[in-house]
1. What residue among Leu58, Leu22, Leu101 shows peak mean-square fluctuation when the chain is described by a Gaussian network model with Cα springs under 10 Å?
2. Where the centroid of each part is defined by its Cα atoms, how far is region 1-53 from region 82-97 in Å?
3. Tell me, Kirkwood radius of the chain from alpha-carbon pair distances, in Å?
Amino acid sequence: MGAPVILCGKTEEIGRGVVAGLKPEYEVIHFVMSPESGAAQIPAILKGDQSPAADSALGSKDYSKPPIAIILGGAFNDAGTELMMKAATGIKPIPWLRPDLSKPAPPLGPEYVFINT
C-alpha cells in the first residue's frame, strides 16, 4: 500500500485516472468533489473519523492511517481551497498540494496524471 492521501477533483471520470496514476506510491483514501463537501469531510478525516460522509465512491475508504497530504485538482480555486483549509485549521498540520494554474494543463489522458517525487 502506498502513502495515504486525500484527493480533491471535480469529476469522478478524471479522478479515476488520477487515483490510478498515483499508485503504487500513494493510496487515495478519500475523493472530495467540491469545496463545500471538503470543508466537512476533510476535518472529519483529520480528526480520525473512520466513516466520514462521502460524495464519491472513489478512494479505498481505509482510514486506519491518517493521510499525509491533500492533493487538489485544478478545478479547486483559491476561494474553494481557502474554505477547506479554514475548516481544517487547528486539527492536524498537513501539506495541501495544488497545481500551478499559471501553466497549461496537459490534455486528458495518461499524461494528465503526473507527480514528481
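1. Leu101
2. 14
3. Numbers: mean 1/r = 0.0703 Å⁻¹.
It works out to 14.2 Å.
All of the numbers you see were taken from the coordinates with simple rules; none came from a lab. These figures come from a predicted structure and were not determined experimentally.
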